[in-house]
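**Q** Handing you a structure now.
The values are calculated or read from the model by the stated rules, or taken from the named source; none is laboratory data. Because the structure is a prediction, the values reported are computed rather than measured. Here Cβ is always computed from backbone atoms with ideal geometry, including for glycine, and neighbour counts include all displayed protein chains.
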Amino acid sequence: MARNIERIPLLPSSPGVQRHIHCHRYGTPGARPKAYLQASLHADEIPPMLVQHHLIRLLDQAERDGRIRGEILVVPMANPMGAGQVLNQTLLGRYELASGGNFNRNWPDLSAGLADAVRESLSDDAVANAATIRKAMGKALAGMTATNEMSSLRLALARLACDADIALDLHCDYEALLHLYLIPALWPSASDLAAEIGARAVMVAPDSGGRSFDEAMSTPWTKLAAAIPDRPIPPAGLAATIEYRGNADVADELAMPDAEALLRFLMRRGLVAGDPGPLPALQAEATDFAACDVVRVPAAGIIAYKQPLGAIVAKGTVIAELVDPLAADPLQARTPVMTATDGLLLTRRLDRLVRPGDTIAKIVGKEPLAYRKGLLLED
């Protein structure tokens, strides 16, 4: 069966403006297992789109060879709204300009009313229960009505992904090593994904507080299992966010191996026939997201980093200095910025001129930090 490209219209934001989601479909509709992969929900994060470009080429070849099993959906540009937000030649794709809302926050809560919808239909068969739950989530989304372009985008993507066995949301950070986010219930079963993509850090949280896309797909399963403990309800949706390094890491030399790694992962999970070869060694065990030190600056100024990405630092290490360019005495112009934990310097800020409260780095530690409670995500 040849690849089919579905064009899903979004609710127009103004007369004469019509945007679409482009979904590349492989395999037999409704077949199992099902994988869904979307790129650049934050539309100014370009590396994932190039990864998907290469993945589509690889899947096209696999389809020509008759190696597609199950069903695979690929959305190479998940946010045509954000991709069109250009101000003074700068792409602004993280927030919707009309509302200020983050494109990867406040996704539909599929756990709302789910227990009541499925309670009487569940049995002692975990596989049958998973099918029942997927059907109920799909029905709930089908009954929702978009009220604006933003909600139509969310509904379109959620409807494609809600019944997937695997749902991967591909992003990038500012300057970063490749890393992965998911919920604890999916670890260590997702360790093959982390190993295959070469994740340098894996961070887990049962609820990071922002209802991001991946958690909107994964947490309904764990919440339902807690609400109905007398029935077997597996965490049947492996949903994760992959951060493909930093904004500037847009190169075929990176994206092609990344796409090949995704293909091998799909082979390991039975979606593409073939031998993926030995699984690479796992580079990072999962750590509590609350152990990640999100380093912020106390004032405005210029950031001068003192530690490179990938550095292993100790608590109290000066990772950067905040420079006041207007200081009367240049010898008194620098304020040291230190980390609150031992760990891996995973991300750094791309913009070097910062404002009070801006995040300049993430340090992946092992022990939860007292200040890391509630909303763990940055907005």
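**Q** In region 99-120, which residues are surrounded by fewer than 13 Cβ atoms within 10 Å (Cβ to Cβ) and under 24 Å from Ser14 (Cβ atoms)?
**A** The answer is Ser99, Gly100.
**Q** Which numbered condition in (1) in a helix (DSSP H, G or I); (2) under 22 Å from Gln52 (Cα atoms); (3) of a type in the set (D, E, K, R) is the only one that Lys223 fails?
**A** That leaves (2) as the condition not met.
**Q** I'm trying to understand the selection: among the residues of region 267-301, which are more than 13 Å from Thr359 (Cα to Cα), touching a residue at least 40 places away in the same chain (Cβ under 8 Å) and aliphatic (A, V, I, L, M)?
**A** Selection gives Leu271, Val272, Ala273, Leu279, Ala281, Leu282, Ala284, Ala286, Ala290, Ala291.
**Q** Continuing with this model, one more query. Can you find, within region 50-88, the residue that is surrounded by the most Cβ atoms within 10 Å (Cβ to Cβ) among those that are touching a strand residue (DSSP E or B) at 6+ places or on another chain (Cβ under 8 Å) and part of a loop (DSSP other than H, G, I, E, B)?
**A** Ala78
**Q** Looking at region 343-361, is at least one residue surrounded by fewer than 16 Cβ atoms within 10 Å (Cβ to Cβ), hydrophobic (A, V, I, L, M, F, W, C) and in contact (Cβ under 8 Å) with a residue 40 or more places away in the chain?
**A** yes
**Q** OK, next. If I filter region 7-15 for residues that are surrounded by 20 or more Cβ atoms within 10 Å (Cβ to Cβ), of a type outside the set (A, V, I, L, M, F, W, C) and touching a strand residue (DSSP E or B) at 6+ places or on another chain (Cβ under 6 Å), do I get at least one hit?
**A** Filtering region 7-15 down to residues surrounded by 20 or more Cβ atoms within 10 Å (Cβ to Cβ) leaves 10.
Narrowing the set further to residues that are of a type outside the set (A, V, I, L, M, F, W, C) leaves none.
Checked region 7-15: no residue is surrounded by 20 or more Cβ atoms within 10 Å (Cβ to Cβ), of a type outside the set (A, V, I, L, M, F, W, C) and touching a strand residue (DSSP E or B) at 6+ places or on another chain (Cβ under 6 Å).
**Q** Here's a follow-up. Filter region 302-318 down to the residues that are in contact with a Lys or Arg (Cβ under 9 Å, 6 or more places away or on another chain) and farther than 19 Å from Glu367 by Cα, then identify the one that is surrounded by the fewest Cβ atoms within 10 Å (Cβ to Cβ).
**A** Of everything passing the filter in region 302-318, Pro308 is surrounded by the fewest Cβ atoms within 10 Å (Cβ to Cβ).
**Q** Quick one: is Val74 over 30 Å from Ala227 (Cβ atoms) and modelled with pLDDT under 95?
**A** No, not satisfied.
**Q** Restricting attention to region 121-138, and to residues there that are farther than 23 Å from Gln38 by Cβ and touching a residue at least 24 places away in the same chain (Cβ under 8 Å), which single residue is surrounded by the fewest Cβ atoms within 10 Å (Cβ to Cβ)?
**A** Looking at residues that are farther than 23 Å from Gln38 by Cβ and touching a residue at least 24 places away in the same chain (Cβ under 8 Å), I get Asp124.
**Q** Still on this model: Which of (1) over 21 Å from Arg245 (Cα atoms); (2) assigned to a loop (DSSP other than H, G, I, E, B); (3) touching a Lys or Arg at 6+ places or on another chain (Cβ under 8 Å) is the odd one out, the single condition Pro325 does not satisfy?
**A** If we test Pro325 against (1) over 21 Å from Arg245 (Cα atoms); (2) assigned to a loop (DSSP other than H, G, I, E, B); (3) touching a Lys or Arg at 6+ places or on another chain (Cβ under 8 Å), just (3) comes out false.
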